[in-house]
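Undergrad: The structure that follows is given in the form of structure tokens.
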Amino acid sequence: MRLNNSYFFTLRENVKDEDSVSSNLLSRAGMIKKSSSGVYMMLPMGFRVLNKVEKIIREEMDKTGCQELLMPALIPEEVYVASGRRSGFGNSMFTLKDRKGQMYSLGPTHEELFAIAAKMKIRSYKDMPFSLYQIQTKFRDEPRPRFGLVRVREFAMKDAYTFDKDQEGMEAAYQKQFNAYKNIMERIGLEYKIVRADTGVMGGMLSEEFQAVTPMGEDILVLCDSCDFASNIEVAQCVAQEPVAQEACETMTLVETPEARTIEEVTSYLGKDVKNFIKTLIYSVDGKPVAVMVRGDRDVNEVKLRKLFSAESVELADPETVVKVTGAEVGFAGPVGIGCEVYADEEVMKMNDFIVGANKTGYHYTGVNVSDFQVNGTSDLRNIQEGDTCPCCGGKIRFAHGIEVGNTFMLGTKYSKALGLQYLDASNKLQYVWMGSYGIGPARAMAALAEQNADENGINWPKHLAPYQVAIVIIQMKDAQQVEAAERLYEELGKRGIEVLLDDRDERPGVKFKDMELIGIPFRITVGKGIKDSLVEIKPRIGDKTEVSLDEAADYIERLVKE
């Protein structure tokens, strides 16, 4: 590609409305451009990188025997109603009506359509196993798009689906896809962790995430400093700590705590350690008020709470509901005499002589024990914290941040039951098909790679994913000898199958150098004054420059590219 008279631009200054390293650098490099909140143009340089990521994905999918197809993005809303997922998507689904008034959605995901397509083939157990995949645009009305290509409203996704006659077959298909995903991550060059995760609106039996480790990541990864335990914080199991006191020795006493509502205010007022307190939070679980108790320095894990109740909706109750069930203003809720069911984190059940709200404005109880109130149920209901005990080996928990690039799901028979996907078994009896679902975000992988490979000069792409492998920079466009030598190299490298960019713009050398570093070209050939002695300068993006004769330059570069 010749830069002069091509669509190419870079920005010298940081982009004000981009909130991550990757989105800022990709925008400055002229690879993406925000067109509206959470929606991006993929410009030529970025599109080349994206296509290379997708090529790796396709190659690994094809190796598994997965067949590619393309589903529509415009989907009748009734499809999601039939599967029971329409309410789960809620406002995150873009919907519209056609001229006849029929409701459609812009597909947030395609499990339903793939199940419908499978029904066209599957009649008996002999018609399985098989697998299908696509790379298609998805649409989700994110309430807060952020981090450039990471949290967007319109994005490409590779989604694959496996179809088997039983659980054993599904698990074998899952392992094949799982291994393919590891190959994809390693070929792309991402530093990643595989973590257990919540199945969420997808449902099913198992979910695992492929998380690119980066400080910018919006997901919290729970890791152990002693073993290979890895989990998303949403589902990380907590080990209940030892009680503060071994035996109860106090009597429940009502104490006045005027204007002290928050844990910080009450601990300060009473002069007690936060670990002596119990927080009682009122939640609305599918519209029903429920009190949830955790230690004062802990946070309720709403995913665990939702799973405990098999609920569709879990959210903090509104102030009116809090007042109704406690009889007090917000900030004084406690389990003693409360007007709703009470559920306690397992850790609470090991505590003694703690402090809770008194369900009376301006008051708390001290010296409280679990015998002083009724508990309707206990479970692991809190978020794990750094320094906690690893549930696998007893080591210490540490946190990292990650970008979810891929996920894999054992769906079981969730969608086949909802959509009537059945087959006749060897005994001529109807059975439900077992499914798996597997997703990768190519643009997310691109953003994560940019995050992990950014420096003060731009993006240091792996050479197999950079928009071009080599850039030839002409120092002086008015020098015929420099131009002729650069053209000669450009043609020769192209014949050898090397992706080469010729910077033949009439710009200062410093501008050209900075642009090539910003967009992440792995190797730069500079054709300048040295051409009088048949010498050119070759410099890797990170590393020292070397002078090479013009006649040897093509061979030298080819070795660097193919190493």
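The values are calculated or read from the model by the stated rules, or taken from the named source; none is laboratory data. Quick caveat, the model's predicted, so the values are computed rather than measured. Ideal geometry is used to build each Cβ from the backbone, glycine not excepted, and the neighbour counts take in all protein chains shown. Accessible surface is based on the protein model in full, side chains and every heavy atom, while ligands, DNA and RNA are left aside. Shrake-Rupley method; radii C 1.70, N 1.55, O 1.52, S 1.80 Å.
Undergrad: Just one of Val255, Val266 is closer than 17 Å to Phe354 by Cβ, assigned to a strand (DSSP E or B) and not hydroxyl-bearing (Ser, Thr, Tyr); which is it?
TA: Numbers: Val266 fails: assigned to a strand (DSSP E or B).
Selected residue: Val255, the only one of Val255, Val266 that is closer than 17 Å to Phe354 by Cβ, assigned to a strand (DSSP E or B) and not hydroxyl-bearing (Ser, Thr, Tyr).
Undergrad: Quickly run through the range 531-563 and pick out the residues that are in a loop (DSSP other than H, G, I, E, B) and at negative phi. Quick ask: steps written out before the conclusion?
TA: Keep residues of the range 531-563 that are in a loop (DSSP other than H, G, I, E, B), which gives 534, 541-545, 563.
Selection gives Arg541, Ile542, Asp544, Lys545, Glu563.
Undergrad: Out of the strands (runs of 3 or more DSSP E) lying entirely within the range 324-368, which hold 1 or more residues that are farther than 23 Å from Asn383 by Cα and open to solvent by 10 Å² or more (accessible area, probe 1.4 Å)? Let's see the steps before the verdict.
TA: Values: elements: 341-345, 354-357, 363-368.
Ranges flagged: 363-368.
Undergrad: Which ones in the range 157-173 are among the small types (Gly, Ala, Ser) and either open to solvent by 40 Å² or more (accessible area, probe 1.4 Å) or modelled with pLDDT under 95 (or both)?
TA: Looking only at the range 157-173, we keep the residues that are among the small types (Gly, Ala, Ser), and these are 160, 169, 172-173.
Selection gives Ala172 alone.
Undergrad: Given the range 369-427, what strands (runs of 3 or more DSSP E) lie entirely inside it while holding 3 or more residues that are among the β-branched types (Val, Ile, Thr)?
TA: On the way: elements: 377-379, 397-412, 422-424.
Strands (runs of 3 or more DSSP E) meeting the threshold: 397-412.
Undergrad: Just for the range 494-506: of the residues that are farther than 10 Å from Ile474 by Cβ and surrounded by fewer than 16 Cβ atoms within 10 Å (Cβ to Cβ), which one is farthest from the chain's Cα centre (by Cα)?
TA: Start the filter on the range 494-506 by keeping residues that are farther than 10 Å from Ile474 by Cβ, which leaves 494-501.
Adding the requirement that they be surrounded by fewer than 16 Cβ atoms within 10 Å (Cβ to Cβ) leaves 494-497.
Numbers: Gly494: 38, Lys495: 40, Arg496: 38, Gly497: 35 Å.
The residue in question is Lys495.
Undergrad: Listed residues Ser87, Ser92, Ser35, Ser6; which is open to solvent by 30 Å² or more (accessible area, probe 1.4 Å), touching a strand residue (DSSP E or B) at 6+ places or on another chain (Cβ under 6 Å), farther than 26 Å from Met185 by Cβ and of a type outside the set (A, V, I, L, M)?
TA: Testing whether each residue is open to solvent by 30 Å² or more (accessible area, probe 1.4 Å), touching a strand residue (DSSP E or B) at 6+ places or on another chain (Cβ under 6 Å), farther than 26 Å from Met185 by Cβ and of a type outside the set (A, V, I, L, M) leaves just Ser35.
Undergrad: Which number in (1) over 26 Å from the mean Cα position of the chain (by Cα); (2) in a loop (DSSP other than H, G, I, E, B); (3) without any contact (Cβ under 8 Å) to a residue 60 or more places away in the chain marks the one condition that Ile122 misses?
TA: Looking at each condition in turn, Ile122 falls short on (3).
Undergrad: Take the residues in the range 174-197 that are farther than 29 Å from Lys463 by Cα and open to solvent by 20 Å² or more (accessible area, probe 1.4 Å), then tell me which one is modelled with the lowest pLDDT. If you could, list the steps in order and put the result at the bottom.
TA: Taking the range 174-197 as the starting set, the residues that turn out to be farther than 29 Å from Lys463 by Cα are 174-175, 196-197.
So of that shortlist, the ones also open to solvent by 20 Å² or more (accessible area, probe 1.4 Å) come out as 175, 196.
On the way: Gln175: 96, Arg196: 86.
Residue satisfying both the conditions and the ranking: Arg196.
Undergrad: Here is a further query. Kindly indicate whether any position in the range 474-493 is open to solvent by 30 Å² or more (accessible area, probe 1.4 Å), among the β-branched types (Val, Ile, Thr), outside any loop (DSSP other than H, G, I, E, B) and at pLDDT 95 or above.
TA: Quick first cut of the range 474-493, residues open to solvent by 30 Å² or more (accessible area, probe 1.4 Å) only: 475-481, 483-484, 487-488, 490-492.
Narrowing further to those that are among the β-branched types (Val, Ile, Thr): 475, 483.
If we keep only those that are outside any loop (DSSP other than H, G, I, E, B) as well, we get 483.
With at pLDDT 95 or above added as a condition, the list becomes 483.
Looking through the range 474-493, at least one residue is open to solvent by 30 Å² or more (accessible area, probe 1.4 Å), among the β-branched types (Val, Ile, Thr), outside any loop (DSSP other than H, G, I, E, B) and at pLDDT 95 or above.
Undergrad: Hey, among the residues in the range 308-317 that are open to solvent by 30 Å² or more (accessible area, probe 1.4 Å) and free of Cβ contacts under 8 Å to residues at least 40 places away in the same chain, which one's nearest to Ile282 (Cα to Cα)?
TA: Restricting attention to the range 308-317, the residues satisfying the condition of being open to solvent by 30 Å² or more (accessible area, probe 1.4 Å) are 308-310, 312-313, 315-316.
With the extra rule that they be free of Cβ contacts under 8 Å to residues at least 40 places away in the same chain, the set shrinks to 309-310, 313, 315-316.
Details: Phe309: 15, Ser310: 18, Ser313: 14, Glu315: 9, Leu316: 6 Å.
Per the stated criteria, the residue is Leu316.
Undergrad: Does the range 512-521 include one or more residues that are part of a loop (DSSP other than H, G, I, E, B), of a type in the set (Lys, Arg) and more than 20 Å from Asp479 (Cβ to Cβ)?
TA: Step one: filter the range 512-521 for residues part of a loop (DSSP other than H, G, I, E, B), giving 520-521.
Filter again for of a type in the set (Lys, Arg), leaving none.
No: zero hits.
Undergrad: Can you tell which of Gly65, Gly148 is buried (at least 18 other Cβ atoms within 10 Å of the Cβ) and farther than 26 Å from Ser313 by Cβ? Steps first, please.
TA: Working: Gly65 fails: buried (at least 18 other Cβ atoms within 10 Å of the Cβ).
Answer to the selection: Gly148.
Undergrad: Here's something else I'd like to know. Restricting to the range 507-516, what's the tally of residues that are surrounded by fewer than 22 Cβ atoms within 10 Å (Cβ to Cβ) and either under 21 Å from Asn51 (Cα atoms) or of a type outside the set (D, E, K, R) (or both)?
TA: As a first pass, look at the range 507-516 and keep what is surrounded by fewer than 22 Cβ atoms within 10 Å (Cβ to Cβ): 507-514.
This time we only want the ones that are either under 21 Å from Asn51 (Cα atoms) or of a type outside the set (D, E, K, R) (or both), so: 509-511, 513.
The total comes to 4.
Undergrad: Then there is this: Residue by residue through the range 205-232, note down the ones that are closer than 13 Å to Cys393 by Cβ and either of a type in the set (Ser, Thr, Tyr) or open to solvent by less than 30 Å² (accessible area, probe 1.4 Å) (or both). First the steps, then the outcome.
TA: Going through the range 205-232, the residues closer than 13 Å to Cys393 by Cβ turn out to be 223-230.
Selection gives Leu223, Cys224, Ser226, Ala230.
Undergrad: For a quick check of your reading of the model, give me the residue pairs whose first member lies in the range 372-385 and is touching a residue at least 24 places away in the same chain (Cβ under 8 Å) and more than 16 Å from Val356 (Cβ to Cβ), whose second is of a type in the set (S, T, N, Q) and open to solvent by 20 Å² or more (accessible area, probe 1.4 Å), with beta-carbon atoms closer than 8 Å and at least 6 apart or on different chains.
TA: Final answer for the pair search is Asp380/Gln237; Ile384/Gln237.
Undergrad: Counting just the residues of the range 540-559 that are under 22 Å from Met45 (Cβ atoms) and buried (at least 17 other Cβ atoms within 10 Å of the Cβ), which one comes out nearest to the chain's Cα centre (by Cα)?
TA: Kept after step one, since they are under 22 Å from Met45 (Cβ atoms), are these residues of the range 540-559: 540-542, 557.
Subsequent filtering for residues that are buried (at least 17 other Cβ atoms within 10 Å of the Cβ) retains 541, 557.
Values: Arg541: 29, Ile557: 37 Å.
Across the range 540-559, the extreme among qualifying residues is Arg541.
Undergrad: For the range 38-60, indicate whether the set of residues that are in contact (Cβ under 8 Å) with a residue 40 or more places away in the chain, open to solvent by 40 Å² or more (accessible area, probe 1.4 Å), charged (D, E, K, R) and touching a strand residue (DSSP E or B) at 6+ places or on another chain (Cβ under 9 Å) is non-empty.
TA: yes
Yes/no matrix, rows are residues, columns are (1) farther than 30 Å from His464 by Cβ; (2) within 14 Å of the chain's Cα centre (by Cα):
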residue: His401; (1), (2): no, yes
residue: Gln422; (1), (2): yes, no
residue: Asp425; (1), (2): yes, no
residue: Arg444; (1), (2): no, yes
residue: Ala448; (1), (2): no, yes
residue: Asn453; (1), (2): no, no
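Undergrad: Residue by residue through the range 494-511, note down the ones that are part of a helix (DSSP H, G or I) and not small (Gly, Ala, Ser). Please lay out each step first, then the result.
TA: Kept after step one, since they are part of a helix (DSSP H, G or I), are these residues of the range 494-511: 494-495, 509-511.
Listed by number, the residues that qualify are Lys495, Pro509, Val511.
Undergrad: Output the residue which, of all residues in the range 116-145 that are farther than 28 Å from Ile56 by Cβ and not charged (D, E, K, R), is surrounded by the fewest Cβ atoms within 10 Å (Cβ to Cβ).
TA: Ranking the candidates gives Met120 first.
Undergrad: Please pick out the residue among Asp159, Asp228, Asp141, Asp198 that is farther than 30 Å from Glu386 by Cα, out of contact with any Cys (no Cβ under 7 Å at 6 or more places or on another chain) and outside any strand (DSSP E or B). Give the derivation first.
TA: Details: Asp159 fails: outside any strand (DSSP E or B); Asp228 fails: farther than 30 Å from Glu386 by Cα; Asp198 fails: farther than 30 Å from Glu386 by Cα.
Exactly one residue qualifies, and that residue is Asp141.
Undergrad: Testing Ser27 on (1) touching a residue at least 40 places away in the same chain (Cβ under 8 Å); (2) of a type in the set (Gly, Ala, Ser); (3) open to solvent by 60 Å² or more (accessible area, probe 1.4 Å), one condition comes back false. Which one is that?
TA: It fails just one condition, (3).
Undergrad: Ok, one more. Enumerate the pairs (first residue in the range 477-500 and within 17 Å of Ile531 (Cα to Cα); second residue anywhere and at pLDDT below 95 and polar (S, T, N, Q)) with beta-carbon separation below 9 Å, excluding pairs fewer than 6 apart on the same chain, so at least 6 apart or on different chains.
TA: Correct list of pairs: Met477/Asn4.
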